[in-house]
Amino acid sequence: MPARDRTHYTGSYDARAKTVRDLAYANVDTRCWRCGLTLSEAQANSEKRIVWHAGHVYDGNPASPLLPEHSSCNTAAGARVGNNRRALNPSRRWF
C-alpha cells in the first residue's frame, strides 16, 4: 500500500484541528457543516460510533478552512475524493 499523502497534516493543522474538535465537543448544539446534524442526532441514525473531526471545507485542499464534521461525513467525503482521483487517472496503480 502506498504511503498516504500527509500534506493535509503539516504545519498548524494539528493545532487547528484540535481547536475545532474541542469547540465542537464543548457545545452539544454544534452541527456538522456537511450534513447539518448534531453529534447525538447523527449517532441515533448510525450503528457505528461517530466522533467529531475537523473537516476541510474544500476537500483535497490543505489550505482549506476547517469546520466541525462527523467522522462518517468526513470519511465519506474522503472516499469520494479518492474515487474521483481514480476515475481521472485509471492507469495509476492505487494499491
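Any read-out appearing in this document is the output of simple, stated calculations on the displayed coordinates, not a laboratory observation. No experiment lies behind these values; they were computed from the predicted model shown. Here Cβ is always computed from backbone atoms with ideal geometry, including for glycine, and neighbour counts include all displayed protein chains.
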Task: Around Ala15: net Lys/Arg minus Asp/Glu count, Cβ-Cβ under 12 Å - done: +1
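Sort Glu69, Glu47, Glu41 so that the residue with the fewest other Cβ atoms within 10 Å of its own Cβ comes first and the one with the most comes last.
With the fewest neighbours first, Glu69, Glu47, Glu41 line up as Glu47, Glu41, Glu69.
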Task: Net charge contributed by nearby residues that have their C-beta within less than 15 Å of Gly36 (K/R +1, D/E -1) - done: -1
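Ranking Ser64, Ser40 by Cβ neighbours within 10 Å, fewest first, what do you get?
Values: Ser64 13, Ser40 10.
By the 10 Å Cβ count, ascending, the order reads Ser40, Ser64.
Find how much the distance from Tyr58 to Ala44 grows on full extension, using 0.36 nm per residue of separation minus their present alpha carbon separation; answer in nm with one decimal.
Stretched out fully, the Tyr58 to Ala44 stretch lengthens by 2.3 nm.
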